[in-house]
Amino acid sequence: MNKERIVKVAVVGAGFVGSTTAYTLMLGGLVSELVLIDINKEKAEGEVMDMNHGMPFVRPVDIYIGDYRDCAGADIVIITAGANQKQGETRIDLVKKNTEIFKGIINQILKYNTDCILLVVTNPVDILTYVTYKLSGFPKNRVIGSGTVLDTSRFRYLIGQKVGVDPRNVHAYIIGEHGDTEVPTWSLANIAGIPMEKYCKNVDMCLGEPTRKEIFDNVKNAAYHIINKKGATYYAVALAVRRIVEAIVRNENSILTVSSLIEGQYGINDICISLPTLVNRQGIVNILDIPISDQELALLTKSASTLKEVADTLGL
């Protein structure tokens, strides 16, 4: 990414997540050029018109509808297109449908841009990040999944709600799959550097096993609850994507639980999962070796194995 030129982002998919992501990027003032690409051009055009009518209220950004040719020159291509998760359907249930969709998407992007960072948001995001890595032939640092950035945000928010602390001062990670086998790292959870158990004792507030289970269940099942109530999730995930874009565009060296190719960490190989990761203008810089407990390691290994079993059926 060249610091001297404008920052261009292409969003493939103008559904709930894609259009909301574009809107959050518009509000954030992070990019100068933003193109929406969707097979439903009328829907994309409506989204672009709606956003452009609010342009006097934000920093200038050129937002327009395009096609895959407009991926040319993009610093980041965000992929949100794919089949939607239906009520009662797990993220893994989506894998074969969306893998076929991705074969077409990646092929089209590569015709016009082989230098960008590919940011995958479509579910099941870990499998599709792996699919994108395999199909694109990009170096592993330039293929990123939104991973458990949102799950980690949910985790911090719910802990903060329980203990009465601003969630920005809660430090805890969800790692592994963005989905049913994800892992809460309670052993590392802290508030302002104070281990969770010690903090809770200091304020005479018990965060025992039943409460921890309740918090984690609400994190893991949040998407299902939201889909049941309103049909789709898009606000929080769009903010999570904006946070990743921000770390890339501003060259922040921020630590985010994005999904990327794992090669040896914790004995895991050749699959994309989420671990705390240093992210900057180059994409993935370094995957951190955090000191998780033996129980958390076992759960992480199981999460990776579950994803790998699915990925192995795709014949990539």
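The values are calculated or read from the model by the stated rules, or taken from the named source; none is laboratory data. The shown structure was predicted, so the numbers you read here are calculated from the model rather than taken from an experiment. Cβ: placed from backbone, ideal geometry, glycine included. Neighbour counts: every protein chain shown.
Note on the stretch 147-165: among residues that are at pLDDT below 95 and assigned to a loop (DSSP other than H, G, I, E, B), the one that is surrounded by the fewest Cβ atoms within 10 Å (Cβ to Cβ) is 164.
Of all the residues in the stretch 250-269, those that are loosely packed, with under 15 Cβ neighbours inside 10 Å and either hydrophobic (A, V, I, L, M, F, W, C) or on the phi > 0 side of the Ramachandran plot (or both) number 4. Note on the stretch 149-169: residues that are over 20 Å from residue 242 (Cα atoms) and not polar (S, T, N, Q) amount to 8.
When residue 93 is tested against the conditions (1) in contact (Cβ under 8 Å) with a residue 12 or more places away in the chain; (2) under 23 Å from residue 233 (Cβ atoms), the lone failure is (1). Name the residues in the stretch 217-231 that are in contact (Cβ under 8 Å) with a residue 60 or more places away in the chain and among the β-branched types (Val, Ile, Thr), would you? Scanning the stretch 217-231 gives 219, 227. Of the candidates 115, 126, the single residue that is in the same structural domain as residue 88 (by TED's automatic domain parsing), at pLDDT 95 or above and within 22 Å of residue 216 (Cα to Cα) is 126.
Out of the stretch 63-82, which residues are over 17 Å from the mean Cα position of the chain (by Cα) and not hydroxyl-bearing (Ser, Thr, Tyr)?
Selection gives 63, 65, 66, 67, 69, 70, 71, 72, 73, 74, 75.
The set of residues from the stretch 103-135 being over 22 Å from residue 22 (Cβ atoms), part of a helix (DSSP H, G or I) and among the hydroxyl-bearing types (Ser, Thr, Tyr) comprises 130, 133.
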